[in-house]
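To start, the structure itself, in structure tokens.
The values are calculated or read from the model by the stated rules, or taken from the named source; none is laboratory data. Just so it is clear, the structure is predicted and the values come from calculations on it, not from any experiment. Counting neighbours? That spans all protein chains shown, and the Cβs are built from the backbone with ideal geometry, glycine included.
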Amino acid sequence: MTTTSTPTTTAPSSGAQSYETLEELVTKRRVIVTVGAGGVGKTTTAAALSVAAAQRGRRVLCLTIDPAKRLAESLGIERMSAEAHDVDPSRFAAAGVPLTGSLTAMMLDTKRTFDELVAKYSSSKAKADSLLNNKLYQYMSTSLAGTQEYMAMEKLVAVKDDPRYDLILLDTPPTANALDFLDAPERMIDALDSAAMKWFIEAFQSTGKLSLNLIARSASVVLKTVGRITGGGFLEAMAGLITELNDLFGGFKQRAAMVQKTLRGPDIAFVLVASPAPTSLKEALYFSERLEEHAMPRGAFVVNRFRLPPAFADDAVSSMAAKAAIDARGLKLDDDAGERIAHAHADQVKLATLDAFFVRSVSEHARARMPVVRVPELASDVHDIRLLAKVAELLMSGGV
Ligand SMILES: Nc1ncnc2c1ncn2[C@@H]1O[C@H](COP(=O)(O)OP(=O)(O)OP(=O)(O)O)[C@@H](O)[C@H]1O
Ligand SMILES: [Mg+2]
């Protein structure tokens, strides 16, 4: 049921362009990637879109990164396991969310993905084992800049053509900056292939061993990176790593180019997730421009945790009115409760006004290119099936 689609419907109000709605994306695309700055709701959006697609009959694989404990529990997945896990449909049916398709969840495991890659690209099993057991490798495979993002992409490449799934939802790691995700392959190759690394390789190859003297004169970058590794055998570990990485370099480079190509395919869509804060919105827009520059397909712009005005936004709640309402219900609250409710109400009106203002300021630009979907701030974290289905419904219906 793999489908590759071209944008078709739903012209924006300006009528300038046409694009697919989020509902069309989850029913037609093969891969959807949620990207955005740290904490904006990437994991929640990926999980909710997975639910929406499974409700629409698709067989979905949700590749998630470190979901909140309660969210993982409600899907029945073990947070520490990297195995694919078929989510029990009866859990959804019991929560009034029947799935006509299926939902499989998998946690991304950076180290394991890196290890699999090493095993695949090493020229022999012995070489792979020596690299996998190298202390510096063990450090590097989790700590090198961009590794987590790159390995998320690697996992995507590995499962992309798996016939058991119609749609793959890829959650991305928490980055300070959403752009870090796109740049990850280059950053990782740059780090592996940096001048300092090259220097080490040359030094090692010319003498057959590393001398302390040479290390002392070497670029401080590498020493800083590995400086945190303590314990004996440092030089041996470094020499071993350099030899093994050299063995792999060609493989990694080709691989990074291939991963980049996968991310530019027509059957992939990026869902940009942002909070209503101006910096977050700007960053998402900038990301969208970068995607456009690279002719990479953008899917939708989700403004998550949008604060709505209170039901009685127009009539300011006076402390007197609040006090009267409290008394009328026979509640026993502090004397200043009325005043505090009035303040809280006024704050909520202001916050909602600010969110609306900031979002409006970027919407026009974004709306000409992709759907902009506002998901409101819910009263609690999105940690159970019912709330996930609620977010899914909001995303499918175009938001508030
Ligand atoms: N619309 C919403 N209303 C209320 N809570 C929300 C909403 N969206 C997300 N949350 C909550 O916000 C928290 C952060 O969300 P989430 O984990 O999806 O963000 P993230 O972008 O994946 O974060 P990270 O960058 O750390 O991976 C979670 O506790 C989630 O339940
Ligand atoms: Mg996350």
_Is it the case, given these coordinates, that residue 92 is crowded, with 21+ Cβ neighbours inside 10 Å, touching a residue at least 12 places away in the same chain (Cβ under 8 Å) and more than 24 Å from residue 29 (Cβ to Cβ)?_
no
*May I ask you to list pairs of residues, at least six apart or on different chains, whose Cβ atoms are under 6 Å apart, with the first in region 56-68 being of a type in the set (A, V, I, L, M) and the second being more than 7 Å from ligand 1 (Cβ to nearest atom) and assigned to a strand (DSSP E or B)?*
60/103; 60/167; 61/104; 61/168; 63/106; 63/170
*Yes or no: residue 26 more than 16 Å from ligand 2 (Cβ to nearest atom), more than 14 Å from the chain's Cα centre (by Cα) and part of a helix (DSSP H, G or I)?*
yes
*Report yes if residue 305 is closer than 25 Å to residue 377 by Cα and part of a strand (DSSP E or B), otherwise no.*
yes
*Among the residues of region 111-131, is there at least one that is within 21 Å of the chain's Cα centre (by Cα), within 16 Å of ligand 1 (Cβ to nearest atom) and under 24 Å from residue 183 (Cβ atoms)?*
no
*Residue by residue through region 330-382, note down the ones that are away from ligand 1 (no atom under 16 Å from the Cβ), small (Gly, Ala, Ser) and not in a helix (DSSP H, G or I).*
330, 368
*Residues that are at pLDDT below 90 and within 16 Å of ligand 2 (Cβ to nearest atom): find the helices (runs of 4 or more DSSP H) completely inside region 122-172 holding 2 or more of those.*
147-159
*Considering region 47-87 alone, what residues qualify as being crowded, with 17+ Cβ neighbours inside 10 Å and near ligand 1 (Cβ under 8 Å from one of its atoms)?*
47, 65, 67, 71
*For region 383-400, which residues satisfy the criterion of being part of a helix (DSSP H, G or I) and among the charged types (D, E, K, R)?*
386, 390, 393
_If residue 333 satisfies all but one of (1) within 16 Å of ligand 2 (Cβ to nearest atom); (2) more than 36 Å from the chain's Cα centre (by Cα), what's the number of the condition it fails?_
(1)
*Flag for residue 152 being closer than 30 Å to residue 57 by Cβ and among the hydrophobic types (A, V, I, L, M, F, W, C)*: yes
*Does region 341-399 hold any residues that are under 16 Å from residue 307 (Cα atoms), surrounded by 20 or more Cβ atoms within 10 Å (Cβ to Cβ) and either modelled with pLDDT of 90 or more or among the acidic types (Asp, Glu) (or both), and which are they?*
355, 372, 373, 374, 375, 382, 391, 394, 395
